[in-house]
1. Residue by residue through region 850-878, note down the ones that are closer than 23 Å to residue 763 by Cα and either of a type in the set (A, V, I, L, M) or touching a Ser or Thr at 6+ places or on another chain (Cβ under 6 Å) (or both).
2. Quick one: would you say residue 121 is at negative phi and either buried (at least 20 other Cβ atoms within 10 Å of the Cβ) or among the aromatic types (Phe, Trp, Tyr) (or both)?
3. I'm trying to understand the selection: among the residues of region 761-773, which are over 25 Å from residue 732 (Cβ atoms) and either among the hydrophobic types (A, V, I, L, M, F, W, C) or within 35 Å of the chain's Cα centre (by Cα) (or both)?
4. Being more than 33 Å from the chain's Cα centre (by Cα) and among the β-branched types (Val, Ile, Thr) narrows it down to one residue among 305, 292, 266, 281; which is it?
5. Check every one of the helices (runs of 4 or more DSSP H) wholly within region 248-344 and list those with 1 or more residues that are open to solvent by 30 Å² or more (accessible area, probe 1.4 Å) and among the hydroxyl-bearing types (Ser, Thr, Tyr).
6. Among the candidates 636, 661, 594, single out the residue that is within 26 Å of residue 687 (Cα to Cα) and either under 28 Å from the mean Cα position of the chain (by Cα) or part of a helix (DSSP H, G or I) (or both).
7. Show me the helices (runs of 4 or more DSSP H) entirely contained within region 128-180 in which 1 or more residues are among the hydroxyl-bearing types (Ser, Thr, Tyr) and crowded, with 17+ Cβ neighbours inside 10 Å.
8. Scan region 277-327 for residues that are among the aromatic types (Phe, Trp, Tyr) and touching a helix residue (DSSP H, G or I) at 6+ places or on another chain (Cβ under 7 Å) and jot them down.
Amino acid sequence: MEKNLIILHNKPWPSLLIPSHSPSQLEWQGSTRVHASSNNVSMIKLSHPKLIDTQLNKLCVNGQLSEAVAILDSLAQQGSEVRPMTFINLLQACIDRDCIWVGRELHARVGLVRKVDPFVETKLVSMYAKCGLFEEARKVFDEMRERNLFTWSAMIGACSRDLKWEEVVELFYDMMENGVLPDDFLLPKILKACGKCRDFEAGRLIHSMVIRRGRCSSLRVINSILAVYAKCGEMSYAEKLFRRMDERSYVSWNVIITGYCQKGEIEQARKYFDAMQEEGIEPGLVTWNILIASYSQLGHCEIAIDLMRKMESFRITPDVYTWTSLISGFTQKGRINDAFELLREMFIVGVEPNSITIASAVSACASVKSLSMGLEVHSIAVKAGLVDDMIIGNSLIDMYAKGGNLEAAQRIFDEMLKRDVYSWNSIIGGYCQAGFCGKAHELFLKMQESDSPPNVVTWNVMITGFMQNGAEDEALDLFQRIEKDGNIKPNVASWNSLISGFLQSGQKEKALQIFRRMQFSNMAPNLVTVLTILPACANLVAAKKVKEIHCCAIRRNLVSELYVSNTFIDNYTKSGNIMYSRRVFDGLSPKDIISWNSLLSGYVLHGCSESALDLFDQMKKDDRLHPNRVTLASIISAYSHAGMVDKGKHTFSNMSEDFKIRLDLEHYSAMVYLLGRSGKLAEALKFILNMPVEPNFSVWATFLTACRIHRNFGMAIFAGERLLELDPENIITQHLLSQAYSLCGKSWEAPKMTKLEKEKFPVGQSWIEMNNMVHTFVVGDQSKPYLDKLHSWLKRVGVNVKAHISDNAVCIEEEEKEDIGSVHSEKLAIAFALIGTHHTPQILRIVKNLRMCKDCHDTAKYISSAYGCEIYLSDSNCLHHFKDGHCSCRDYW
C-alpha cells in the first residue's frame with residue numbers, strides 16, 4: 001500500500017487520504033453512492049482546510065467530480081468539514097457538466113459543509129432545476145428555513161424553464177409576503193410569466209411597485225411591463241405607458257406593434273410602424289416580420305407581399321420566418337398556387353425552408369387534396385433533410401390520407417422514427433374517412449399499447465368514422481367506453497359526433513335524444529352543437545325545442561355570432577313562430593344579407609306577402625346591402641302571393657340591369673309560380689318552352705301544381721309527362737298523371753312496377769306534438785284503441801264541412817282518396833288534439849309527409865273557425881296556417 005502513497009512532509013497538519021489516481025480508476029458502485037476503495041485509490045494523510053479547498057477546486061476545474069466525492073467520504077471518516085463556497089463550487093461543476101448523479105451524491109453529503117447557509121441550499125435548487133429535475137428542486141426549496149433573493153430567483157428561474165408560468169406568479173406573491181422584493185434582473189422573468197398566463201392584475205401590481213421604488217429608469221423592466229399589457233390585450237394601458245417612456249428601444253416599438261397585431265387592429269399597428277420610422281428608428285427584420293405575419297394571418301396577403309418587397313428595398317433580406325408567414329397566409333386563404341409560387345421563389349433566392357414551412361405547404365396540398373403538389377413538397381422535404389421531422393411526417397400522413405393514397409400514408413407512418421398522438425390520429429382518421437373502419441380500429445387497438453395512448457380526439461375520430469359509415473351501434477359502444485377504457489371524459493366534440501352522425505343518416509329523433517342526454521350529463525353545448533342540432537328542429541312539431549335551444553345559446557353567450565342568430569331566424573320561421581323570427585331579427589346589430597333573406601323567405605313561407613314587400617323596401621334603403629339571387633326569388637314569390645303579377649314580371653325582367661344578378665333556375669321557377677298562381681297557364685307554358693336553360697324538375701312540378709289547382713287536366717298531363725322524362729321512377733308523378741288521364745277520359749298505362757316498388761308508395765303520415773310528446777298517425781292505422789272515438793268525431797265534423805263548402809269539383813291529389821277504413825292522417829291528428837284535452841288548444845302544430853288533399857284542407861279551415869283554434873300544418877309543398885276559416889296559402893298549394 002505504501003508504494004501507492006505520496007508523502008507530503010508537513011507534520012503539523014492532521015492526516016488526510018488524497019486520491020492520486022485517474023478518473024477511470026474509480027468504480028461507480030450502484031446508483032446512490034460513490035465509495036473510495038483502498039484497492040484503487042492512492043491516499044495521503046492531509047487535512048489543512050486551505051489544501052482541501054485547493055484540491056477540491058482543482059478537481060472541479062478538471063471535471064474530476066468522482067474523485068471529489070471520494071475526498072468528501074474521507075473527510076466524513078475523519079470528522080472534517082468543507083467550506084460552503086467549496087461545496088457551492090462542486091455543485092456548480094455538476095451544473096456545468098450536467099452531471100446529476102454526482103450532484104445527488106454531493107447532496108447526500110451536504111452535512112459535511114461547515115455551515116449550510118441559504119447560498120448552499122440555493123445552489124442545490126439551481127443544480128436540480130438546471131439538470132432537469134424540477135420536483136427535486138422544488139422539494140429542496142420548500143424545506144428551506146431561510147430564503148434570500150437568490151433562492152427565490154433560482155426557483156422562479158426553474159419554473160420559467162419548465163414553462164410553469166402560473167407557479168412563477170404564485171412564487172412572486174409568496175416572496176412579497178416573506179418580505180423579499182424582486183430586483184431588476186428577476187422582475188422581467190416574473191413579468192414574462194404574467195404575460196404568458198395573461199395575468200393583467202399581477203402586471204399592474206408590479207408596475208405600481210416599480211413606480212413606488214423609483215425603478216422606472218430600467219428600460220428592460222418597463223419593456224417587460226409594456227409586454228404584459230400588450231399580451232393581455234389591454235392596449236389602452238400599453239399605449240399610455242408607451243407614450244410616457246423617456247426612452248424607447250426596438251423592443252418597445254416591437255411590443256406595441258405586436259400588441260395591436262394580436263388584437264387584430266392592424267391599421268393601428270401600421271401607424272406605430274410608420275411613427276417608428278418618423279422618429280428615425282429604422283425597423284429591423286423582426287419588426288417587418290411582425291407586420292407581415294399579421295397581415296398574412298388576417299388574410300391580407302397582397303399587403304403582406306407588398307411589405308416584403310418594401311422590406312427588400314430597405315436592404316433587409318427576408319428570412320425563413322418571412323417566407324413561411326406568407327406561404328401560411330396564402331394557404332389559409334385557399335390560394336394554393338400562389339403559396340407554391342412563393343415556395344419556389346424562396347428556393348430560388350437561397351432561403352432554406354424549416355419544418356414549419358414544409359408543414360404549411362403540405363397542409364395546403366391536403367386542403368385541396370392535390371397529391372401531385374404534395375409529392376413535390378415531399379421531395380423538397382427529402383432534399384432539405386427534414387423528412388424525419390415529426391411535424392412534417394404528421395403533415396404528410398394527413399395529406400396522403402386526405403388525398404386517398406392510404407398506402408403512402410401508411411408507409412410514412414411505418415417509417416417514422418418517433419410518433420406522437422397526432423401521427424396516430426392522422427392515419428386512423430385517414431382510414432375512417434376512406435370507410436376502412438376495421439383497419440382504423442385495428443390501429444386504434446395498437447395505439448392503446450403504444451407510448452402515445454389515444455386522447456379524446458382519437459376516440460372522437462373513431463366515433464365519427466363509425467357514424468359516417470353506418471355503424472351506429474359500434475359508435476355508441478365506443479362512446480360508452482371512452483371513460484371506462486380510456487380514462488378520458490367525453491368532450492363536447494364527442495357528443496357532436498353522435499348528433500351529426502344521426503342527422504346525416506336521417507335519424508332526427510335519435511339526434512334529439514342524444515342532445516337531451518348531453519344536457520342531462522351537464523355537458524355545455526357549443527356553437528357546433530347548436531348549429532348541428534337546429535336543422536333537426538326546423539319543423540312545426542319541434543317549436544318548443546327551438547325555444548329551448550335558443551335559451552341555452554343565450555345562456556352560453558353563443559348568439560353573439562351573427563350566423564347563429566341568422567340560423568335561429570330561419571328555424572323559428574320553419575317551426576311556425578314568425579313573430580319570434582322578427583324579434584331575433586330586430587335585436588340584431590348589424591344585420592347581413594343572410595339576416596334579411598332569412599326573415600324575407602320566412603314571410604313568404606307564411607304567406608305574409610305585405611310584410612315581405614315592406615321588409616324589402618326597408619332593405620333597399622340601406623346602401624350597404626345589395627339584394628342577391630335568394631332575395632329576388634323570394635320577392636317574386638311575394639308578388640305571386642299578393643297577386644301583383646305585373647310587378648313580379650318587372651322585377652324578373654330588370655333583375656340583371658337593376659341588381660346585376662344573373663338569372664338562375666330558381667328565378668324561372670318563381671316566374672312560373674307567379675304566372676301559374678294567377679291562372680295564366682298558357683303564358684306560363686310559353687314561358688317555360690322559351691326558357692334559355694333546360695327546365696328542371698322544380699319548374700315542371702310548379703307548373704303541374706298550377707294545372708292541378710286550376711283543374712286544367714290537359715296541361716297537367718303535358719307537365720306530368722315532362723316530369724316522368726326527368727324522373728321516370730317517381731311514383732307520385734305517375735299517380736297524378738294517371739288521375740289526369742282518367743279525368744280527361746283517356747286511358748293511360750302506367751309503367752309496370754314490381755311489388756317492391758309498389759310498397760315504396762308513400763303512405764300518408766302526420767306528426768303532432770302534445771304535452772311534450774310527438775304522436776304519429778298513419779292513414780289506415782287500426783292499432784290505436786281510441787280510433788273509433790276519433791272516427792266518430794270526424795264523421796260529425798265532416799257533415800258540417802260539407803254544409804259549409806260549396807265547391808265539390810273533382811281534382812287530382814297526391815294521396816289516395818279516403819274511404820271508411822282509411823281516414824287521412826292529418827284529420828286524425830287534429831281530432832286527437834281537440835278531443836283528447838279538456839280545453840281546446842289555441843295552436844295545433846302538425847307535420848305531414850304528403851301534400852294535403854282538398855277535403856282535408858277544407859276540414860282544417862272549418863275546424864279553425866268552429867273551434868276557435870289556429871292550425872299550423874306543414875305538408876310536402878307548403879306551410880298552411882289555418883285561422884278563422886282561412887288559410888295562409890289562399891287555397892293555392
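1. The answer is 850, 851, 852, 860, 871, 873.
2. Yes; evaluated as a whole, the condition is true for this residue.
3. Scanning region 761-773 gives 769, 770, 772, 773.
4. Matching residue, one of 305, 292, 266, 281: 281.
5. 250-262, 301-313, 320-332
6. So the residue among 636, 661, 594 that is within 26 Å of residue 687 (Cα to Cα) and either under 28 Å from the mean Cα position of the chain (by Cα) or part of a helix (DSSP H, G or I) (or both) is 636.
7. 149-161
8. Selection gives 288, 295, 321, 323.
The values are calculated or read from the model by the stated rules, or taken from the named source; none is laboratory data. Fair warning: this is a prediction, and the values are worked out from it, not measured in the lab. Neighbour counts are summed over all protein chains in view; Cβ atoms, including those assigned to glycine, are modelled from backbone coordinates with ideal geometry. With ligands, DNA and RNA removed, areas are computed over all heavy atoms of the protein, side chains included. Shrake-Rupley method; radii C 1.70, N 1.55, O 1.52, S 1.80 Å.
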